[in-house]
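Worksheet for the structure shown next.
The values are calculated or read from the model by the stated rules, or taken from the named source; none is laboratory data. Just so it is clear, the model here is predicted, and its values are computed rather than measured. Cβ placement follows ideal geometry from the backbone for every residue including glycine, while neighbour counts extend to all protein chains displayed.
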Amino acid sequence: MFRFAHPEYLHALYVIPVLVLLYWYISRNKKKLLEKFADRKLHETLLPAYSRLKGLLRFLIVLTAIFLLIIAAADPQIGTKIENVKQSGIDVYICLDVSLSMQAQDIKPSRLAKAKYEISNLINKLRGDRLGLIVFAGEPYIQFPLTSDYSAANLFLSAVSVNSVPDQGTAIAAAINMAVKSFDYNSKMEKVIVIITDGEDHQGNLQDAIDNAKSKGIKIYTIGLGSPEGVPIPMYDQQGQQVGFKKDESGNIVLTKLDEATLKDIASQTGGKYFRGSNYQDELDLIYKDLSSLKKTEFGEKRVTNYEDRFYYFLAPAIILLLLEFFISERKSPWLSKLNKKFGIEG
């Protein structure tokens, strides 16, 4: 099996035809200028030692070396061994609150930024577990379904913001119900929901959602971000500049308060745990360590191919060609001149 470790470097091959056209253009202009300067018959007299053929040869050597260097940079690899690796883990859906209150800065740099940072750290630590992300405010949306493609998960996570959901609010119940509905129940893997929010639930029947999760044997862990005393919610313009704080219809500044009681109740009813968010601790890491004690179910095999680098097969001849070009002059060689005359080749 063959592949390139860095196929994006192959785009540099587009420079090859550009160099060919550039060489042709310069050679043509040089020839025209020389013909304007003196009659063609005088070229041999004026430039007796110059060889066009050797100039072309040097260019072709450099061009070939560039081609080989680009291939070497892309790192061609040969598959040497295929192994079957068993995969095991648990299914985890993270429900992330993206309502405006998550812009509050009682946790630095903001509640939402801290949550995204922890989720990214968790993704980087996962080995075999499948992770999904649901973002919610007034309504929940699946940002990405359960997956073990952690690179794609990080990519989708980076796009999350308070604008990810058009309807404002904090529909925790709807988020739980969507997570419960989205699990694959044909799989025997343990199923866990992690809710990251300030806990201000404004809509939905939360108890029914908790009972729905309990009936499926799903544990819910909760992380509360914010302060119980309440802080204002900063508002930003399209350029990302703060323009003030959120106000109610009467013009009073709205305070967002952490509702720990609700989040503790959700966790305790489902056999999960509650964690209070802070500036100095990674709560998702603590949850992951707790989840590591759960029984992990094998859900398939992954075929892994070991690859060995072969870039040196291209790098070595490229270096040799460049050294060779260095020692080739553009002066005519007597033996080459005789050969050219014999076959009627110019130059």
Which residue pairs have Cβ atoms under 8 Å apart, sit 6 or more places apart or on different chains, and have a first residue in the stretch 157-178 that is under 21 Å from residue 92 (Cβ atoms) and a second that is of a type in the set (Lys, Arg)? 157/116; 158/116; 160/116
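The rows are residues; the columns are (1) in the same structural domain as residue 94 (by TED's automatic domain parsing); (2) in contact with a strand residue (DSSP E or B) (Cβ under 7 Å, 6 or more places away or on another chain); (3) surrounded by 15 or more Cβ atoms within 10 Å (Cβ to Cβ).
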position: 143; (1), (2), (3): yes, yes, yes
position: 153; (1), (2), (3): yes, yes, yes
position: 162; (1), (2), (3): yes, no, yes
position: 176; (1), (2), (3): yes, yes, yes
position: 180; (1), (2), (3): yes, no, yes
position: 198; (1), (2), (3): yes, yes, yes
position: 212; (1), (2), (3): yes, no, yes
position: 240; (1), (2), (3): yes, no, no
position: 243; (1), (2), (3): yes, yes, no
Of the conditions (1) more than 30 Å from residue 211 (Cα to Cα); (2) in contact (Cβ under 8 Å) with a residue 12 or more places away in the chain, the single one that residue 238 does not satisfy is (2)
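What helices (runs of 4 or more DSSP H) lie completely within the stretch 143-239 and have 2 or more residues being more than 26 Å from the chain's Cα centre (by Cα)? Quick ask: steps written out before the conclusion?
On the way: elements: 150-158, 172-182, 206-215.
In the stretch 143-239, 172-182, 206-215 are the helices (runs of 4 or more DSSP H) which contain 2 or more residues that are more than 26 Å from the chain's Cα centre (by Cα).
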Filter the stretch 233-291 down to residues that are of a type in the set (Val, Ile, Thr) and closer than 30 Å to residue 89 by Cα, then give me how many there are. 4
Qualifying residue in the stretch 85-94 (condition: within 22 Å of the chain's Cα centre (by Cα), among the aromatic types (Phe, Trp, Tyr) and under 24 Å from residue 270 (Cα atoms)): yes
Check the stretch 120-131 and report whether any residue there is in contact (Cβ under 8 Å) with a residue 12 or more places away in the chain, small (Gly, Ala, Ser), closer than 23 Å to residue 257 by Cβ and assigned to a loop (DSSP other than H, G, I, E, B). no
